[in-house]
Structures are given as C-alpha cells and as structure tokens.
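Here's the structure, in structure tokens; my notes come after.
The values are calculated or read from the model by the stated rules, or taken from the named source; none is laboratory data. Everything quoted here is computed from the prediction, not taken from an experiment. Here the Cβ is made from the backbone with ideal geometry for all residues, glycine too, and neighbour counts use every protein chain on show.
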C-alpha cells in the first residue's frame, strides 16, 4: 500500500510532458487531420470529407474526453475549415460549437449507449448540422444552394464515422490516454 | 500556474463555450461587414500552408509521376483500353492536323496575318485540393520568380495540359487559389461548335458544368467543342474548355477537357487587359491604371 502511494507521487518532468502530450492529442489530431485531407490524391469527395471529419472529431471527443477538446480549439478548427473551404468566415465555428454544446448537454444519456446507437445519434447530429450549414450559407450568399452536395455530405459523414470512431477509440485507449502516463 | 477554486474553475469552463459561440457569431458578422477580411486571412493562411503542403505532396507526386493516378488506381484496366482506342484515333487525327497546319500556314502567309501575342504565363504546382461542400478550388504554390508581382495574378486563367481548369481568385506572396470551372460561382462565356454559338457555362459543384442561355432555336449538339468566348471581355477567345454532352434531354453539360480531379501542374496565363472583370470588386480597381514612369 505504501509502495503504491510512492509510485503515484512520482511526477518528474518526463511524466508531466507525457501527460501533456496525451492531453493535447485529440486537439492536435483534429487540426492536423483537417490539413492532411487537403493533400491532393485525386480522390473524389475530399471536399465533403473535411466537414464530416471535423464533425466526427467534435462529437467523439466531446463525448468521451471533453477536457481535451475545449471550445476555443473547436472554434479555431471551425475558422480553419471556413478559411480552407471558402465558406463564410466563422460559419463552421458557430456550427461546430453548437454541435459540441448539444453533445455536452446530452452527454449523460449518450455515454452509456452502444456503438450502433452512438452512430445513429451522430448521424442525426451530422444531418442537422449539415442542414444548418446549408441554410446558413444559402442565407449568407443570398441564393438557394443545391441540395445534392448537402446529401453527399450527410452520407459521407454517416459512412466515415465508424472508421474514424475505430481510430479514435484506439487513440482514446492508447496514445491519448492520460491515465496511462 | 494559476490556482483557482474548484467552483470558480467549473464556472469558467462552463462559460467558455457560450463565450466562444458569441465570438464566432461576431466573426460571422465581421466577415459579412468586411468581405475583404476573409480573403486577406485566407491569403495569409494559404501562404503559410503552401510550403508545408508542397512538402507533403511531393512524395505523392513522385509516387504517381505527377499524373494524379492514385485516385484512378481502381480503373486502370478500363483506362488502358480507352487510351489504346483513343491513341489509335489520335494517330489518324495527327496526320489531319499536320495537313491543316500546313494549309493554315499557307493561308496566313497569303493574308499577312499578325499573330496575337502569347500572354505571359507561369507554371505552378497544385499543392492542395481545397474547397468546401459548396466550393471547388485548389491551392497552387508560386515559383520564386513570381513572388514580387503576384498581385497581377488575380484573374489569371489556369489551364492544365488539355483545357481551361479555372481562374485565380486570390494570390498571396507564395501561393494562389484557383477557383475551378466546376465551382458553383464559376460562370464562363463560351462559344459552341463550329459556328461559335454563344452560351454560358455554369459550375454546379458536380463533375460536369452545365450550359445555360444558349439560343432557344439552336440547342448545342452532342459532341460540339466548347471554347471560351470573348463576350464580356472576361476571357480571351478560343481556349479549349470541353465537349458538349447530354445527360438528360434539354440539359446539356460540358465534359471538361482538363482533368479537374487530378490536377497536378497548372499554367497560369496573365492577360493584362481582362484582369478586373471576374476579380472581386473591392480588391482590384475597375479601370486599369495607366503606366507611370518613376
């Protein structure tokens, strides 16, 4: 018992650094992923993947590790998405913060759900956010934008979530697990 | 490190999200009020990102020999067949073209034809495929020789080896953003077929832009060549854009010649006289300034 306590107390620089890096992992992954998607591989649908990816990031980390993806990082990621994707400045920042707020509000009920149920809930959230994005951008651009890209974006978000969630769960239990430091 | 009491910290953490939300809404309003702000920020960000993207995409380009082939790996066999067929056809056309070139030369000599001057052009690598759900654009990194006078690049026409791919909408110190012809906001006056019937090619965000405003009595014919038209002064005439195709009745689209999804290298042509037309109004003066000697 005494030995365990002594192990717990040992906090040198390296352990602090390890903890900090694990703590920063989700935010860093979110921003870098956003940039990496821009590398031109000639694959179709990359433009729709970027919002889908960021929505999955915000949803997952707000649900399972909210302290690692604070609101300023989400706002920054939203601004970055707006600047990269030529959408009105600040629009995605607002939308992602709304998504984070909704996820945090429903967190207690969502955290116990199975993966499939979570996927369903995320799809609902993603559809709503995408619809809001469409409405907001139509309003700001003063023209009705076509609905097909909206549908594509929702389906991309729906399809890509299991893959991203699998990666995030790996990270959540491995490289980003603060308690393992 | 600042030590705060637990309730205060909880209250602060609860406040962050609403505060950030208000700030973001403020950003939307500011972006609305000052349209140039987003462009300037985007230009600055592009300048920072372009070298990094160039570094990352270099191995990708090396791997596929600069041909944009990773996305096409799945259809190699079909493409090979198509290329063989196309090559056979092109070899026939080559002889026709050579004969026509000789005839053209002879006719030009007879007419004392003065050729239009070749516009200044630059080669730029596509380093990132950027764009949103409602925007299609690519980021190109500028060669070092272009850096001092990148301002005149806004409005330059971007072509890949085969046809018009888009237009430069923003140019920073190291990078430029090319709005592709498939973008929703892209409108290009075109001339159709041998008679040069005028129409407007409008991007739809899909792969093939659609054709609008063609003369009601004369619908564009399937397979007609689509060239840029000088109407409106936005484009020089005669640049190849694509081929007319009908997906559905009464709904002609243009199959672009440029490989829009696999752009690697773009030629940016600066036509000095037509610069201000498609450029955002707040950025570029409407009338070209007269040259002054210093």
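For segment B:192-203, residues that are in contact with a strand residue (DSSP E or B) (Cβ under 7 Å, 6 or more places away or on another chain) and not in a strand (DSSP E or B) total 1.
A quick yes/no check of all residues on (1) outside any strand (DSSP E or B); (2) free of Cβ contacts under 8 Å to residues at least 60 places away in the same chain; (3) within 30 Å of residue B:49 (Cβ to Cβ):
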site: B:182; (1), (2), (3): yes, no, yes
site: B:190; (1), (2), (3): no, no, no
site: B:205; (1), (2), (3): yes, no, yes
site: B:223; (1), (2), (3): yes, yes, no
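If I go through segment A:58-79 residue by residue, how many of them are closer than 25 Å to residue B:137 by Cβ and at the interface with chain B (Cβ under 8 Å from one of its Cβ atoms)?
4
Taking the criterion of being crowded, with 16+ Cβ neighbours inside 10 Å, at pLDDT 85 or above and under 22 Å from residue B:42 (Cα atoms), would at least one residue in segment B:143-150 satisfy it? Looking for residues that are crowded, with 16+ Cβ neighbours inside 10 Å, at pLDDT 85 or above and under 22 Å from residue B:42 (Cα atoms), one finds none in segment B:143-150, hence no. When residues in segment B:246-260 are screened for being in a loop (DSSP other than H, G, I, E, B) and free of Cβ contacts under 8 Å to residues at least 24 places away in the same chain, 1 of them pass. What about residue A:99, is it within 7 Å of chain B (Cβ to nearest Cβ) and either within 15 Å of the chain's Cα centre (by Cα) or outside any helix (DSSP H, G or I) (or both)? Against the criterion (within 7 Å of chain B (Cβ to nearest Cβ) and either within 15 Å of the chain's Cα centre (by Cα) or outside any helix (DSSP H, G or I) (or both)), residue A:99 does not qualify. The single condition among (1) within 17 Å of the chain's Cα centre (by Cα); (2) surrounded by 15 or more Cβ atoms within 10 Å (Cβ to Cβ); (3) part of a helix (DSSP H, G or I) that residue A:169 does not meet is (2). State whether the residues of segment B:252-271 include one that is in contact with a strand residue (DSSP E or B) (Cβ under 8 Å, 6 or more places away or on another chain) and more than 28 Å from residue B:118 (Cα to Cα). Scanning segment B:252-271 turns up at least one residue that is in contact with a strand residue (DSSP E or B) (Cβ under 8 Å, 6 or more places away or on another chain) and more than 28 Å from residue B:118 (Cα to Cα). Limited to segment A:26-50, what total is found for residues that are farther than 18 Å from residue B:205 by Cβ, over 12 Å from the mean Cα position of the chain (by Cα) and part of a helix (DSSP H, G or I)? Counting residues in segment A:26-50 that are farther than 18 Å from residue B:205 by Cβ, over 12 Å from the mean Cα position of the chain (by Cα) and part of a helix (DSSP H, G or I) gives 2.
Exactly one residue out of B:50, B:38, B:44 is within 7 Å of chain A (Cβ to nearest Cβ), modelled with pLDDT of 85 or more and closer than 30 Å to residue B:142 by Cβ: that is B:38. Restricting the first member to segment B:10-36 and to residues that are in a helix (DSSP H, G or I), and the second to residues that are loosely packed, with under 12 Cβ neighbours inside 10 Å, the beta-carbon pairs closer than 6 Å and six or more apart or on different chains are B:36/B:282.
Regarding residue B:217, is this residue under 10 Å from residue B:188 (Cβ atoms) and either over 19 Å from the mean Cα position of the chain (by Cα) or not in a strand (DSSP E or B) (or both)?
It is false that residue B:217 is under 10 Å from residue B:188 (Cβ atoms) and either over 19 Å from the mean Cα position of the chain (by Cα) or not in a strand (DSSP E or B) (or both).
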